[in-house]
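Reading through the structure tokens given below for one structure.
Just so it is clear, none of the values below were taken in a lab; they were calculated from the coordinates. Worth saying up front: this structure is predicted, and the values here are computed from it rather than measured. FYI the Cβ positions are ideal-geometry reconstructions off the backbone, even for glycines, and counts take in every protein chain you see.
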Amino acid sequence: MRAVDIIREKRSGKELSKEELAFLINGYVAGEIPDYQVAAWAMAVFFQGMTPGETASLTEVMVRSGAVLDLSGIPGPFVDKHSTGGVGDKTSLILAPLAASLGMKDPMMSGRALGHTGGTLDKLDSIPGYRTNLSAREFRDILRDTGFAMTGQTADIVPADRLLYALRDVTGTVESVPLITASILSKKVAEGTEALVLDVKYGSGAFMKEPADAEKLALSLTHTGAALGIQVAAILTDMNEPLGRTMGNFLEVEECLDCLEGAGAADLMEVTLALGARMAVLGGKAGSVDQGLALCAAELASGRPRERFLANVAAQGGDAARLLALRGTYRSAFKGEVAASGSGFIAGIDAGQVGHTGVILGVGRNRADDTVSPVAGVEFHKKRGDPVSPGEKIMTLWARDADSLAAALPRLGKAVRYSPQPPAVSTQPPAVPAWPPVVSERCNTLSG
Ligand code: URA
């Protein structure tokens, strides 16, 4: 076999066999096939796409490029969630303890902030002492003891994805549905989950700007997941406006505590419960989405998920007492405010613009080796649909230093749109709770 023949085949739209994909990917990981050939193949995939069978084969080959976590001996069910990335999206930190509290196990391997999207690991790292670099042994023990464990991808898990993603990032080939599908699912299969609920986002703060593209991705993820033996359900959610009341690392941890204490923002709770309900169905804890919604709401109200969260903080080396003591005070000294420049109603706060400004503030990063600040971020005092008068406070922001504060202030001001009338979209729920085509065979009950 030769890489050049595989590239030519894909260039002309042919379906590659699993053997051809294994030759290419394994050769790349072994350093035998150079970047430029894999980049050419990725670009051919970008334009020609892949068949469902080919996407499943690529995912399988990527899983086999490294280790798979061994969760044997720990009672399941193992149910995880994954978001395609957003701004102010902190649902993982609420859902993992909620799922654990309902008797499921959530083996969550997460990523870091990149570009305008936030990262679960950076949020957790803002908790004093909390470790997100668990060994496989620690991951297993904490999962068994607290019902969920949160860690970064270890070097031996899907090495093909680490290499391929870095290459795609610099060759304009990230936005390919089959490549995104294989990238996300290979990591989820390797972490050992049996079921997965996906939050596929669309809008200015998401990878996929249009709902139709998000739906294509959701379908590809659910079908490929089913082909690999994982039950997958997906919902599509609106990411045109930041989710919840905050964007920032420690700020978002604080907001999750608010949610676990019954004081979550309406949009954030709606997405969280929509995802949690599907986790409960896939985990066999609820017979329908409606039952799952009621179950999750009641469990949150019991306070048990909050206790789970704090138990996990302690198990992962964090100082739970200090976390609680820092609430409301752990902020950068470089503070500013965005006041309303218009009147009437907030027509929207652009999530993409806010997310990109987050990188300037120190919340996120443009390059994998950039550092982030635990104490930078934005609090939104107004959301889409809220009435507003000129000069009223819309956002408070905290920056890593004076220069980033000065650069971020005008950008955040420009992210706000005003309208004389309440915006029609403000009445639409951000979550699409049941998207009938976007369920794998095993999950058809979810659409009912
Ligand atoms: N998230 C991933 O993990 N991989 C992609 O390719 C895109 C988003």
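Work out from phi, with θ = phi - 60° and the Karplus expression 6.51 cos²θ - 1.76 cosθ + 1.60, the ³J(HN,Hα) of each residue of region 53-63, listed in order in whole Hz, and give x for Gly and Pro.
Computed from phi, the couplings for region 53-63 are x, 5, 5, 5, 5, 4, 4, 5, 4, 5, 4 Hz.
Order by neighbour count: M109, M1, M247, fewest other Cβ atoms within 10 Å first, most last. It would help to have the intermediate numbers written out before the result.
Values: M109 26, M1 11, M247 32.
Placing the least packed residue first, the sequence is M1, M109, M247.
Semi-axes of region 334-419's equivalent ellipsoid from the Cα gyration tensor, sqrt of 5 times each eigenvalue, largest first, rounded to whole Å?
Working: eigenvalues 120, 31, 17 Å².
The equivalent ellipsoid of region 334-419 has semi-axes of 25, 13, 9 Å.
Hey, how many Å between the Cα centroid of region 34-98 and the Cα centroid of region 369-424?
Measuring centre to centre over Cα atoms gives 33 Å.
Going by a ≥ b ≥ c, the root eigenvalues of the Cα gyration tensor, does region 257-385 fall in the rounded group (a/c under 1.5), the prolate group (a/b larger than b/c) or the oblate group?
Details: a/c = 1.94, a/b = 1.34, b/c = 1.45.
Judged from the Cα gyration tensor, region 257-385 comes out oblate (a/c at least 1.5, b/c at or above a/b).
What residues from region 117-137 fall in the zone where the backbone N is under 16 Å from a label point 7 Å along the Cα-to-C-beta line of E175?
Answer for region 117-137: 117.
Out of every Cα-Cα pair in region 365-409, what percent are more than 17 Å apart? Walk me through the numbers on the way to the answer.
Values: 482 of 990 pairs.
The calculated P(r) of region 365-409 puts 49 percent of pairs beyond 17 Å.
Please arrange C296, C259 by counting, for each residue, the other beta carbons lying within 10 Å of its beta carbon, fewest first. Could you put the intermediate results ahead of the total?
Working: C296 29, C259 24.
Going from sparsest to densest Cβ surroundings: C259, C296.
How many percent of the alpha carbon pairs in region 3-49 exceed a separation of 16 Å? Please report the intermediate quantities before stating the final value.
Numbers: 300 of 1081 pairs.
Looking at region 3-49, the distances longer than 16 Å represent 28 percent of pairs.
Do you know the relative contact order of the chain, to the nearest whole percent, from alpha carbon pairs under 8 angstrom that are 6+ apart? Mind dumping the intermediate values first?
Values: 970 pairs, mean separation 85.5, N = 448.
Computed over the chain, the figure is 19 percent.
Straight-line reach from K382: which aspartates and glutamates have a Cα under 20 Å away, not including same-chain ones fewer than 8 places off?
Counting by Cα, and skipping residues close in sequence, K382 has these aspartates and glutamates nearby: D89, D238, E241, E252, E254, E255, D258, D267, E270, E337, D350, E392.
Nearest 10 degrees is fine. How inclined is helix 211-227 to the longest principal axis of the chain, computing both from alpha carbons?
That helix lies at roughly 50 degrees to the long axis.
Quote to one decimal, in nm, the extra length available between A424 and A155 on full extension: 0.36 nm per residue of separation minus the C-alpha distance between them. Working shown, then result.
Working: separation 269, 0.36 × 269 = 96.84 nm, distance 4.73 nm.
Working it through step by step, the gained length comes to 92.1 nm.
In terms of the Cα gyration tensor, with a ≥ b ≥ c the square roots of its eigenvalues, is region 24-99 rounded because a/c is under 1.5, prolate because a/b exceeds b/c, or oblate? The partial results should precede the final answer.
Details: a/c = 2.45, a/b = 1.64, b/c = 1.49.
Because a/c hits 1.5 or more and a/b exceeds b/c, region 24-99 counts as prolate.
Using the Cα centre of the chain as origin and beta-carbon charges of +1 (Lys, Arg) and -1 (Asp, Glu), tell me which of A402, T173, A280 is placed farthest towards the positive end of the dipole.
A402
Given a Förster distance of 45 Å, report the FRET efficiency between A339 and D5 from their Cβ-Cβ distance, rounded to the nearest 0.05.
On the way: r = 62 Å, r/R0 = 1.38.
Using R0 = 45 Å, I get an efficiency of 0.15.
Taking the Cα centre as origin and putting +1 on Lys and Arg beta-carbons and -1 on Asp and Glu beta-carbons, what dipole magnitude results for region 334-419, to the nearest 20 debye?
My answer is approximately 200 debye.
Under 26 Å Cα to Cα from K187, which lysines show up? Leave out anything in the same chain fewer than 8 places away.
Excluding near neighbours in sequence, the set is K10, K18, K81, K90, K105, K123, K201, K209, K216, K285.
Return the Cα extents of the chain along principal axes one, two and three, sorted largest first, each rounded to a whole Å.
Cα spread of the chain along its principal axes, largest to smallest: 67, 44, 43 Å.
At a 10 Å Cβ-Cβ cut-off, how would you order S186, S204, fewest neighbours first?
Working: S186 26, S204 21.
Going from sparsest to densest Cβ surroundings: S204, S186.
By how many degrees, between 0 and 90 and to the nearest 10, does the Cα long axis of helix 35-48 differ from the longest principal axis of the chain?
That helix lies at roughly 80 degrees to the long axis.
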